[in-house]
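Trainee: Please read through the structure below; I'll follow up with questions.
The values are calculated or read from the model by the stated rules, or taken from the named source; none is laboratory data. These numbers come from a predicted model, not from an experiment. These accessible areas exclude ligands, DNA and RNA; they are computed on the full protein's heavy atoms, side chains included. Shrake-Rupley method; radii C 1.70, N 1.55, O 1.52, S 1.80 Å.
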Amino acid sequence: MATILITGSNQGIGFEFARQYAADGWNVIACCRTPDKADELQALADKNSTIWIEQLDVCDHSAIDALGAKYKNTSLDVLLNNAGIIGPIPIADHIHRQHFGSMDYAVWQQVLETNTFAPIKLAETFVHAIAASEQKKIINISSNVGSISERCLPAIAYGSSKTALNKATTIVAEQLRDRGIIVALFCPGAVKTRMDAWGQAGVGIEDSVSSLRPLIETLTISDSGSFRDYTGRTIAW
Ligand SMILES: NC(=O)c1ccc[n+]([C@@H]2O[C@H](COP(=O)([O-])OP(=O)(O)OC[C@H]3O[C@@H](n4cnc5c(N)ncnc54)[C@H](OP(=O)(O)O)[C@@H]3O)[C@@H](O)[C@H]2O)c1
């Protein structure tokens, strides 16, 4: 049975990934920062013995090390770096803190730690477990907002955190290619989650995840370093 580790699996896209992979019979290491408040995830785990909930704040590198030690003998088919923040919410009230002229550098730091540093730290920590698996995949959930050429949401912290994630991911993809590890970036689309601050997202959570899973399933090493959206379209850097 294949095993996946998902960060930020208590709500939104991460929760739906956990639900769908568990329904397909996968072992799901479902990470979230406050399991005590993750009622939906707890209910899902109660009905499904292949879901293991783990407390993890992805900004806490010692906690990532401890989790890596706990699972060091588990082969990990897919590391799904999903956890992310757009910045302080409600975003409409705080977006000025990501605008040129009124940047809040503490916000930028927090967004970078969550969206950029954490996926790379998780990949470093679990690389041996991934190398020991059959599928050998690291999936980083990015955003087309991180594309320099395609989209310009005026949110310096969030946008640059995903751009930096994209660049770091392409470097990691090259470094892990010889070990047969596939490293890929996906944008889930504009999805109706808590992140949809302006209520303009057009993609349902279930549709996004149902579309992403076959794309993840059919990845080969020649796709390593790619950046696509939930429809399979390649996103320009
Ligand atoms: N929704 C969109 O339109 C959209 C578009 C492009 C990309 N994305 C990306 O998709 C991913 C999932 O976002 P979403 O839309 O599902 O948003 P969401 O509903 O706000 O969910 C974000 C998840 O990340 C978790 N998280 C945030 N900071 C964390 C930390 N320090 N440690 C552990 N978990 C943390 C949250 O946990 P808590 O519940 O504890 O806060 C939550 O489970 C993100 O990487 C996001 O950038 C989303």
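Trainee: Rounded to whole Hz and in sequence order, give me ³J(HN,Hα) for segment 86-96 from the Karplus expression 6.51 cos²θ - 1.76 cosθ + 1.60, θ = phi - 60°, writing x for Gly and Pro.
Mentor: Residue by residue, segment 86-96 yields 8, x, x, 10, x, 4, 4, 7, 10, 4, 4 Hz.
Trainee: Could you pull out every residue, at least 5 positions away or on a different chain, whose amide H is within less than 5 Å of the one on residue 53? Hs are placed 1.01 Å off N in the peptide plane, and Pro or chain starts have none.
Mentor: So residue 53 has HN proximity to 30.
Trainee: Follow-up question, since we're still on this one. Under the rule of at least 5 residues apart or a separate chain, name every residue whose amide H is placed under 5 Å from the amide H of residue 187.
Mentor: Amide H neighbours of residue 187: 142, 228, 229, 230.
Trainee: Let me ask something else about it. Over segment 38-137, what is the mean sequence separation of C-alpha contacts under 8 Å (at least six apart), divided by residue count, expressed as relative contact order in percent?
Mentor: Details: 85 pairs, mean separation 37.8, N = 100.
Relative contact order of segment 38-137: 38 percent.
Trainee: Given a 1.4 Å probe and every protein chain left where it sits, what share in percent of the accessible area of the chain is carbon and sulfur? The partial results should precede the final answer.
Mentor: Values: 5550 of 10830 Å².
Within the chain, the accessible surface is 51 percent carbon and sulfur.
Trainee: A further question follows. If you take the alpha carbon radius of gyration of segment 48-145 and divide it by 2.2 N^0.38 Å, what ratio comes out, to two decimals? If you can, show how the numbers build up before the last one.
Mentor: Numbers: Rg = 16.1 Å, N = 98, 2.2 N^0.38 = 12.6 Å.
Against the empirical 2.2 N^0.38 Å value, I get 1.28 for segment 48-145.
Trainee: What do you get for Rg/Rh over segment 21-100 if you use C-alpha atoms and the Kirkwood form of Rh? The partial results should precede the final answer.
Mentor: On the way: Rg = 15.8 Å, Rh = 14.9 Å.
Result for segment 21-100 is an Rg/Rh of 1.06.
Trainee: With every protein chain left in place, what is the accessible area of residue 160 in Å² (1.4 Å probe, nearest 10)?
Mentor: Number for this one is 40 Å².
Trainee: What is the Cα convex hull volume of segment 115-235 when expressed per residue in Å³?
Mentor: Details: hull volume 13.1 nm³, N = 121.
Spelled out: Cα convex hull of segment 115-235, divided by residues, is 108 Å³.
Trainee: Using Cα pairs closer than 8 Å and at least 6 residues apart in sequence, work out the relative contact order for segment 3-229, in percent.
Mentor: Working: 423 pairs, mean separation 41.7, N = 227.
Contact order relative to length: 18 percent.
Trainee: For n ≥ 4 DSSP H runs only, could you compute -39500 (n - 2.57) per run for the chain, divide by its residues and tell me the 222 nm figure to the nearest 500?
Mentor: Numbers: 8 runs with 91 residues, N = 237.
Value at 222 nm, helices only: -11500 deg cm²/dmol.
Trainee: How big is the C-alpha Rg of the chain next to the rule-of-thumb value 2.2 N^0.38 Å, as a ratio? Write down the numbers at each step before the final one.
Mentor: Working: Rg = 16.7 Å, N = 237, 2.2 N^0.38 = 17.6 Å.
After normalising by residue count via 2.2 N^0.38 Å, the value is 0.95.
Trainee: Too long at a 27 Å Cα-Cα cut-off: which of 137/162; 37/70; 136/162; 70/192? Mind dumping the intermediate values first?
Mentor: Working: 137/162 19 Å; 37/70 23 Å; 136/162 23 Å; 70/192 34 Å.
Listed pairs above 27 Å: 70/192.
Trainee: How big, in percent, is the set of alpha carbon pairs in segment 175-237 lying more than 13 Å apart? Before the final figure, lay out each step's value.
Mentor: Working: 1254 of 1953 pairs.
Pairs farther apart than 13 Å: 64 percent.
Trainee: Antiparallel versus total DSSP beta bridges in the chain: what percent is that, nearest 5? Walk me through the numbers on the way to the answer.
Mentor: Values: 1 of 26 bridges.
If we restrict to bridges inside the chain, about 5 percent are antiparallel.
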